[in-house]
Structures are given as C-alpha cells and as structure tokens.
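Have a look at the structure below, then the notes.
The values are calculated or read from the model by the stated rules, or taken from the named source; none is laboratory data. Every value quoted in this text rests on a predicted model; they were computed, and no experiment measured them. Cβ sites come from the backbone with ideal geometry, for glycine too, and all protein chains shown count toward neighbours. Note: areas computed on protein heavy atoms with side chains; ligands, DNA, RNA excluded. Shrake-Rupley method; radii C 1.70, N 1.55, O 1.52, S 1.80 Å.
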Amino acid sequence: TQLLEQSPQFLSIQEGENLTVYCNSSSVFSSLQWYRQEPGEGPVLLVTVVTGGEVKKLKRLTFQFGDARKDSSLHITAAQPGDTGLYLCAGVRSNFGNEKLTFGTGTRLTIIP
Amino acid sequence: EPEVTQTPSHQVTQMGQEVILRCVPISNHLYFYWYRQILGQKVEFLVSFYNNEISEKSEIFDDQFSVERPDGSNFTLKIRSTKLEDSAMYFCASSKEVRTGELFFGEGSRLTVL
C-alpha cells in the first residue's frame, strides 16, 4: 500500500506569516498533485508537479517535487484568511496515469486574521 | 465553467437498503471515477471507468458496489446492501485524459447509513 503522509496535520497561524506543508512517501510517483478542499465540497486541483526537483509557483504558493519524486512541499508566503482550508497531496502512479490517485492524510490550515 | 454535478447531496438510508448515487461528468471527458472520504479520514479511490468498463478498482470496491453509465451523461454508483461503515462522502470525478489530465471533482454526496 502506498502511503502519503502529510505534516503538519493541523496548522494555525497568523495572517501574514509564511508556512510550509510537507508530503512524504516511501514510494516513487510519476507525478504529484496538490488539491485544496473546502468544507462540503470536492477537492480542487491546485497544481501538478511532474519532474523531480520541479518547482511551480501559483501566486503566493510555491510547490516543489523532491528530486527522488517521493516527496513534495507546499510553501505559502504571507498567508491570508482566504488560504484557510484542507490541503491534500495526491500521488500519481506511472503505470496507470491518474486513474488511481493516492491521497495524503491532509493538512488543515487555518489563517487567523 | 463546466462542472461535475452529483445527486443527491445528502442521503440517509437504513442498513441493508440499496443506494444509487448519481453523477453527471463534464461532457467531453472520457474517464470517470468514484472516490470516498469517511469523516475525518483521507480521500480513498474506489473505481475508475473508461470506455464503458471498469479500468481499475480498489479493495474497497467489493461485490456490493457497482458502477454504470446508463446513458451518455450519467455515471452512477450503486451500493447493493448498505452497511454502517459505508457512511461517507462519495465524490465523483472526471478527466479528459489519463496521464496528465486534471481530475475535476463534484461536490460530493454524503451518505449516512443508520
């Protein structure tokens, strides 16, 4: 069973601070996706990282895929209350594309105004 | 913007009853999925469907579960005889491609089995 562990599980910080969320696995993935999920809604894709070492930026969010393609991080600069939500990483297996995403355990982020 | 729609948003049923959850994927998508999320737990893959057949299923997707695409638009998940542990949020998703395609998730159907 492929597991993706996210840390921290819960994070509550003040508006304007920076934060990093980690997603770690012992398995290699062909790519890794980050989703954000609001209460009562389905996950919404933020980014896909494909190449080991790849860094992608989405406004104040920076995503990095580990060189070995086993881990990833999400860094948020100057967090805002609108960033509050559940952040999920999901690994994609090489043989099956994104047919079977393995989701991480999730990080619930709360930004305090 | 096109979206995946799911009905019902919430269903309460008695243990042992059959339940059908419905999904309308995005119209030009070819790959369809069901995931579930038990309260407080992570999102889990159930099944993927392409070209009118199951392409992969997880160990959760046992004989009590079935999927169907009865027409050109709907994609359904049937649970034949619900158990208490089937209580969860069920998400339908669709994608245009497999290898690099983005999954679009519906808002989910909350199933409560009493």
Electrostatic dipole magnitude of region B:1-72 [Cβ: Lys, Arg +1; Asp, Glu -1; Cα centre; debye, to 20]:
180
Quick one: accessible area per residue over region B:5-113, 1.4 Å probe, rounded to a whole number of Å²?
49
Might you report the magnitude of the Cβ-based charge dipole of region A:1-106 about its Cα centre, with Lys and Arg at +1 and Asp and Glu at -1, to the nearest 20 debye?
300
Where a ≥ b ≥ c are root eigenvalues of the Cα gyration tensor, a/c under 1.5 meaning rounded, otherwise prolate if a/b exceeds b/c and oblate otherwise, region B:5-113 counts as prolate
Once the piece of chain linking A:His75 and A:Val44 is laid out straight, how much longer is it, given 0.36 nm per residue of separation minus the C-alpha distance between them?
9.4 nm
What distance in nm lies between label points placed 7 Å from Cα along the C-beta direction at B:Thr112 and B:Gln41?
1.9
Within 10 Å of each candidate Cβ there may be at most 11 other Cβ atoms; applying that plus a DSSP loop requirement, which trypsin sites (Lys or Arg not before Pro) in region A:1-98 survive?
A:Lys59
Extreme residue, positive dipole direction of chain B, given options B:Phe49, B:Val113, B:Ser73 (C-beta unit charges)
B:Val113
B:Tyr90 neighbourhood, Cβ < 12 Å, K/R = +1, D/E = -1, net charge +1
Apply 1/(1 + (r/R0)^6) to the Cβ-Cβ distance of A:Glu17 and A:Thr62, taking R0 = 22 Å, and write down the FRET efficiency to the nearest 0.05.
0.90
Based on the Cβ-Cβ distance of B:Glu97 and B:Thr5, what FRET efficiency does E = 1/(1 + (r/R0)^6) give at R0 = 22 Å, to the nearest 0.05?
0.55
If I take R0 = 25 Å and measure r between the Cβ atoms of B:Ser58 and B:Lys83 in this structure, what FRET efficiency does the formula 1/(1 + (r/R0)^6) give, to the nearest 0.05?
0.95
Measuring from its Cα centre, the protein assembly as shown shows a charge dipole (+1 at each Lys and Arg Cβ, -1 at each Asp and Glu Cβ) which, in debye to the nearest 20, is 240
